[in-house]
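Working notes, beginning with the structure itself.
The values are calculated or read from the model by the stated rules, or taken from the named source; none is laboratory data. Since the model is a prediction, treat every value here as computed from it, not as a measurement. Using ideal geometry, Cβ is built from the backbone for each residue, glycine included, and neighbour counts are taken over all protein chains shown. Just the protein is used for accessible areas: all its heavy atoms, side chains included, with ligands, DNA and RNA removed. Shrake-Rupley method; radii C 1.70, N 1.55, O 1.52, S 1.80 Å.
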Amino acid sequence: MRVAIIGQGYVGLTIAVGAAGAGHTVVGFDVNEGLVSQLNSGISHIEGISDSHLKEYISRGSYEASSDPTVLDGSDLIVIAVPTPLDEARNPDLSFVRAAAELIHNNVKSPALIINESTSYPGTLRKEIAARITSAEHLYASSPERVDPGNRQWGTKNTPRLIGGLSPEAVAKAKEFYSSFCDTIIEVSSPEVAEAAKIFENTFRQVNIALVNEFAQIADALGISGREVLDAAATKPYGFMEFNPGPGVGGHCIPVDPSYLAHVANEVGVPATFIKRANEVNLAMPAYVVKRVVAGAGGSVGGKKIVVVGVSYKSNVADTRETPAAAVIDLLREQGAIVTWNDDLVGNWRGESSSPISGADIAVLVTKHDGVDIAAIKACGYVFDCTGSIAGVDGI
Ligand SMILES: NC(=O)c1ccc[n+]([C@@H]2O[C@H](COP(=O)([O-])OP(=O)(O)OC[C@H]3O[C@@H](n4cnc5c(N)ncnc54)[C@H](O)[C@@H]3O)[C@@H](O)[C@H]2O)c1
């Protein structure tokens, strides 16, 4: 098939490479011209997609990136993979999805299957995408992306894929496409079911992470180790699933997607109380970390040199979107600490560069990448570990 993918970020590029590898001819469209020329010179910006793979597909003629919207016309299939963030009031910002729909409406005259992979609330495909496109008799399906960047066990191929369409023809064609590079396809009765399943999955994580974050605080106040309790509870072979406490939640999904569900819940008059409370607990975790660090440092961090280790939101990825490390650093600086950060994967962030660990009075481990220098962390006078991975030090 001739496939166009709108958005060449984490999701769009991953699908582009999956489809090119399955023998489709793929054009990756992105409004970011710098990214487009980088991709066309064979440089990937996503961990897990190697430059050599990209170069191979480019040289075979099965992949090219473009910022020219006229390339979209004539595609058998168009996948939308654009950001779905929150606005300043933490409400869904569908402006990128709407812009992608307008782009199709204005440029695509020949009928195509239009698939939305961007995460959004139920009704997005029908009301925000299909309703805006009248350029031809297109088919429409929703197949929310479930990729977990950095996860070496579960990727695009072996993570089951949900598909819901506006017509049986749309579902059939979407199945044909995805089954060329995904092992398991699950058809659901409507795009709304597929859209809701995706945001409920992430809401499940958000709420359970908040629960263990709150529990970790209760356990600490009781003078017992929350992590030891959770490990003990996880020995029950049924009816329990282990989640780990931490400094908050980050990334493009867990802190964001539940608010999309809360938004539609509010519209239909059902208060999403768990989501609201989980957001409150998770967003308050950086302040809890700082409170514990101040206490552990003897009541004040004023003038102390603190290194925050690992500033991306999860291990072994360079993604700093919504990372709780930002609030941890800002709050420590408000307390008068001299804060640097160490993260060689991230390198540069918020106008600052990664600094060495050694020489700090205090180390706060927020995210643990493989190969981080634990000995250097332990050599700092006081260590606070948010990851539960260094034995014998203070932490959550
Ligand atoms: N990153 C993840 O782990 C992940 C996992 C599952 C689902 N998702 C969802 O997938 C969607 C995309 O996320 P992402 O992480 O790939 O985002 P991203 O920010 O990495 O990439 C989005 C790309 O879209 C481009 N873009 C924005 N507006 C555009 C437009 N009008 N036309 C063309 N390109 C445009 C941007 O320049 C950017 O390169 C979101 O809805 C997200 O919630 C992300």
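Computed quantities for the displayed model
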item	result
Residue check, residue 65 within 15 Å of the ligand (Cβ to nearest atom) and modelled with pLDDT of 95 or more	yes
Filter result for residue 244 (surrounded by fewer than 21 Cβ atoms within 10 Å (Cβ to Cβ), closer than 30 Å to residue 85 by Cβ and modelled with pLDDT of 95 or more)	yes
Residue within region 214-223 that is more than 17 Å from the chain's Cα centre (by Cα), in contact (Cβ under 8 Å) with a residue 12 or more places away in the chain, over 30 Å from residue 388 (Cα atoms) and open to solvent by 10 Å² or more (accessible area, probe 1.4 Å) present	no
Count of residues meeting criterion [part of a loop (DSSP other than H, G, I, E, B) and modelled with pLDDT of 95 or more] in region 257-288	4
Selection count, region 113-134, where residues are away from the ligand (no atom under 16 Å from the Cβ) and either under 26 Å from residue 70 (Cβ atoms) or touching a Gly at 6+ places or on another chain (Cβ under 9 Å) (or both)	4
Selection status of residue 196, open to solvent by 20 Å² or more (accessible area, probe 1.4 Å), closer than 21 Å to residue 5 by Cβ, assigned to a helix (DSSP H, G or I) and away from the ligand (no atom under 13 Å from the Cβ)	no
Test: residue in region 172-182 that is open to solvent by 30 Å² or more (accessible area, probe 1.4 Å) and among the hydrophobic types (A, V, I, L, M, F, W, C)	yes
Candidate set from region 366-392 (those that are part of a helix (DSSP H, G or I) and open to solvent by 40 Å² or more (accessible area, probe 1.4 Å)); member that is farthest from residue 220 (Cα to Cα)	375
Candidates 315, 300, 353 - the one that is more than 19 Å from residue 396 (Cβ to Cβ), surrounded by fewer than 19 Cβ atoms within 10 Å (Cβ to Cβ), touching a residue at least 12 places away in the same chain (Cβ under 8 Å) and not charged (D, E, K, R)	300
Hits in region 135-159 - residues which are among the charged types (D, E, K, R) and either crowded, with 19+ Cβ neighbours inside 10 Å or more than 14 Å from the ligand (Cβ to nearest atom) (or both)	137, 145, 146, 152, 157
Some residue of region 306-322 being farther than 24 Å from residue 254 by Cβ and outside any helix (DSSP H, G or I)	yes
Of the criteria (1) in a loop (DSSP other than H, G, I, E, B); (2) within 26 Å of the chain's Cα centre (by Cα), which one residue 27 fails	(1)
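A quick yes/no check of all residues on (1) crowded, with 24+ Cβ neighbours inside 10 Å; (2) within 23 Å of residue 39 (Cα to Cα); (3) touching a strand residue (DSSP E or B) at 6+ places or on another chain (Cβ under 8 Å); (4) at pLDDT 95 or above:
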position: 74; (1), (2), (3), (4): no, yes, yes, yes
position: 81; (1), (2), (3), (4): yes, yes, yes, yes
position: 99; (1), (2), (3), (4): no, yes, no, yes
position: 102; (1), (2), (3), (4): no, no, no, yes
